[in-house]
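Peer 1: Structure below; questions to follow.
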């Protein structure tokens, strides 16, 4: 291939050996510049009959915008993002690609989660290694956001790691970036469903109205950090990010993202993975960040308030930095002393996972023996019902909690009839029958109990022991009294407003009368 030219038409680049191929083109070495590589687009990238615009010119504009609005690729000598450094033009001034820093990391981020690859990459892997990678990922995202750009497609294949836990973001030409000169947005048009937030699920990412932003990045970042800290478990399913979801037409992880069914943050519908450590193992500030990301439901999933509360990359960086610097406990029972966990937790979560796996295997063996299961299938393994295997966390029902509060609220409110009845009659000179007053207080008590239960619902769901939370029903009478006060104040306001209206009408009538009599 002939020499290519840079943006200034003077700098020349000679391509060396090919380093890799992808769907969009090829990556080459650059002769004489060992720390840089050239990405050369294939002609197919710019051949889309559905697009009316000149895709080659559009991509050139986008890369030029990225060069004009640079992100420093290196932090303390470590490559964090493979940001475009120069255009690549042929002798006819045709845009063919761009120059970017060479990425030395050869492993994708999921290598830190897959047990077999992890052992090869990090022979002395500990939980602190996962914290390091998560911290560096948050730092990389923070750098991008500080420049005003948005990543968009933050999927595992675009995140590279090395043996020291350094993180490098690649495929930066797919990022979402807005030109500060023209105001034009060059959008990201691709994404992986398992890391897309609910507001982008099922949407056409090529649509001009469908835009990635910092908060969509925050959602994907939270999923990656959860996957790292929670032993390759996805927050919305019992799988890691590297597992295939093609077993059915409906992707369960995507369905859970849409509905907000994250079984970890507040025991929502679904099951937690037996490979995941106890969520309560994590320090409170880390848990709070995950709750801000994943604690929503179908009705609140795409509301502005839900999206706005997602943590920023710098918040994750601060929290993970504090966790890394904290004194982690070392499990004394584990021979290699590689089991580390937070100091505030009372047992080794990694030993607990191992114990749970052994317990599951023993359960399977007992079921096989007791049921005389015959191993006649071709693989030679026994068939065991899925429902009998594993230790899972089921959803805690809120119905008993709500009913208890409403019943207690109704009973205690009715018992206040001898106090409330006379006060109400005195204020408004209304003589309610005893039975009518009881019905009114019964309804107010039920409403008050419901409101109290709703206020304490999340605490009830997250607590280890649920029984103490049933005592909050004793607060229901206070709610009933408050509602009665509100009703009294409301009635007084209505009486006052009506009085003012009657006075205004009376004044208007008098003025009209005198006007007609005096001929004014």
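Peer 1: What is the number of the single condition among (1) touching a residue at least 40 places away in the same chain (Cβ under 8 Å); (2) out of contact with any strand residue (DSSP E or B) (no Cβ under 9 Å at 6 or more places or on another chain); (3) over 17 Å from residue 259 (Cα atoms); (4) part of a loop (DSSP other than H, G, I, E, B) that residue 323 does not meet?
Peer 2: All conditions are met except number (4).
Peer 1: May I pose another question? Looking at residue 512, is it at pLDDT 80 or above and under 30 Å from residue 296 (Cα atoms)? Before the answer, list the steps.
Peer 2: Numbers: at pLDDT 80 or above: yes; under 30 Å from residue 296 (Cα atoms): no.
Spelling it out, it is not the case that residue 512 is at pLDDT 80 or above and under 30 Å from residue 296 (Cα atoms).
Peer 1: Do you know which residues across the stretch 152-161 are at negative phi and touching a strand residue (DSSP E or B) at 6+ places or on another chain (Cβ under 7 Å)? Reasoning before the result, please.
Peer 2: Looking only at the stretch 152-161, we keep the residues that are at negative phi, and these are 153-161.
Across the stretch 152-161, the qualifying residues are 156, 157, 158, 159, 160, 161.
Peer 1: Also, I was wondering about something else. Please count how many residues of the stretch 203-231 are surrounded by 18 or more Cβ atoms within 10 Å (Cβ to Cβ) and part of a loop (DSSP other than H, G, I, E, B).
Peer 2: 3
Quick grid of which residues meet (1) outside any helix (DSSP H, G or I); (2) assigned by TED's automatic domain parsing to the domain that holds residue 38; (3) in contact with a strand residue (DSSP E or B) (Cβ under 7 Å, 6 or more places away or on another chain); (4) without any contact (Cβ under 8 Å) to a residue 40 or more places away in the chain:
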site	(1), (2), (3), (4)
118	no, no, no, yes
128	no, no, yes, no
133	no, no, yes, no
145	no, no, no, no
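Peer 1: Mind checking which pairs have a first residue in the stretch 486-512 that is in the same structural domain as residue 444 (by TED's automatic domain parsing) and part of a helix (DSSP H, G or I) and a second that is exposed (fewer than 10 other Cβ atoms within 10 Å of the Cβ) and modelled with pLDDT of 85 or more, Cβ under 7 Å, 6 or more apart or different chains?
Peer 2: Close Cβ pairs satisfying both conditions: none exist.
The values are calculated or read from the model by the stated rules, or taken from the named source; none is laboratory data. Just so you know, these numbers come straight off a predicted model, no measurement behind them. So basically every Cβ, Gly included, is an ideal-geometry build from the backbone, and we count neighbours across all protein chains shown.
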